[in-house]
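Note sheet for the following structure.
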Amino acid sequence: MKRILSVLGLLTITMVLAGVASVVAADIDIAPSQTEPAGQTYGRWAAEWWQWALGVPAAENPLTDTTGQFCDQRQVGDVWFLAGASGSAPIDRSCEVPAGKSLFFPLINNVYGAFLNDPPATRTEEYVRDAARCTQPARISLRIDLSNIPKALLTFTGASGSQSPIFNVQLPPGNVFGLDETVAHELVLSPSAEQGYYVFLYPLRPGHHTIKWTASGCTPGSSQDITYHLNVVGGPHH
């Protein structure tokens with residue numbers, strides 16, 4: 001059984017800006033690729049993002065949420081995760097975010113996790129990394145408020161960028177894959193690997209903001225069309 005989920009961010013990227021100049025507003029602050037925003041590399045944040053996204057039951061999972069009502073699920077610390085979608089239909093979400101929170105999200109990505117009861121040959125780092133890699137180029141467009149974000153500000157988590165580590169995922173009962181322990185021992189995916197294109201966005205000023213991205217490629221037939229209407233609450237308004 002294949003455990004591959006394309007939801008938000010991956011591989012060779014071509015920005016489509018429709019002739020619009022890429023001018024990023026001064027208050028849009030994206031961490032550069034080779035930095036460690038909030039003390040971690042992009043690759044490490046990507047691994048944590050997958051643990052978060054796959055660790056929430058399907059009934060309240062941000063990946064399957066069509067309105068934004070579950071955007072605050074299991075958000076901890078000073079970095080909040082945003083989700084794409086488990087399918088390709090357009091998604092429009094509204095979400096309230098506390099002021100002072102950075103945002104981390106993929107644009108199109110891919111993951112593979114081995115079961116504990118899989119054959120040893122399919123539970124090696126080489127095997128899961130190969131299974132998680134993007135097999136097609138990706139085309140991505142990202143807009144934050146009035147700013148078109150250039151591809152130089154998006155970070156790839158493969159070997160040529162900020163590579164994510166091998167990681168484990170603890171699935172909950174009622175998980176997004178519909179797996180139980182008769183199929184996946186202990187509901188653990190280990191080892192797991194991923195690749196993707198991600199953004200680490202430092203805190204937005206209080207008030208209303210819109211983040212929209214579209215992406216296609218990575219794996220055959222994969223696409224994303226995600227819009228977030230964020231209300232950043234608390235702190236002084238500008």
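The values are calculated or read from the model by the stated rules, or taken from the named source; none is laboratory data. A quick note: this is a predicted structure, and the numbers were derived from the prediction, not measured. When we count neighbours, we look across all protein chains shown, and the Cβ atoms used for this are built from the backbone with ideal geometry, even at glycine.
Here the strands (runs of 3 or more DSSP E) wholly within the stretch 85-182 that include at least 1 residues being acidic (D, E) and either crowded, with 18+ Cβ neighbours inside 10 Å or under 17 Å from the mean Cα position of the chain (by Cα) (or both) are 91-98. For H208, the conditions (1) part of a strand (DSSP E or B); (2) in contact (Cβ under 8 Å) with a residue 40 or more places away in the chain all hold with the exception of (2).
In the stretch 183-238, of all residues being closer than 26 Å to V97 by Cβ and touching a helix residue (DSSP H, G or I) at 6+ places or on another chain (Cβ under 8 Å), the one that is surrounded by the fewest Cβ atoms within 10 Å (Cβ to Cβ) corresponds to Y202. Could you look through the stretch 158-186, keep only residues that are over 16 Å from L116 (Cα atoms) and among the aliphatic types (A, V, I, L, M), and pick out the one that is modelled with the highest pLDDT? Per the criteria, the residue is V176. Here D65 clears all of (1) surrounded by fewer than 15 Cβ atoms within 10 Å (Cβ to Cβ); (2) not in a strand (DSSP E or B) except the condition numbered (1).
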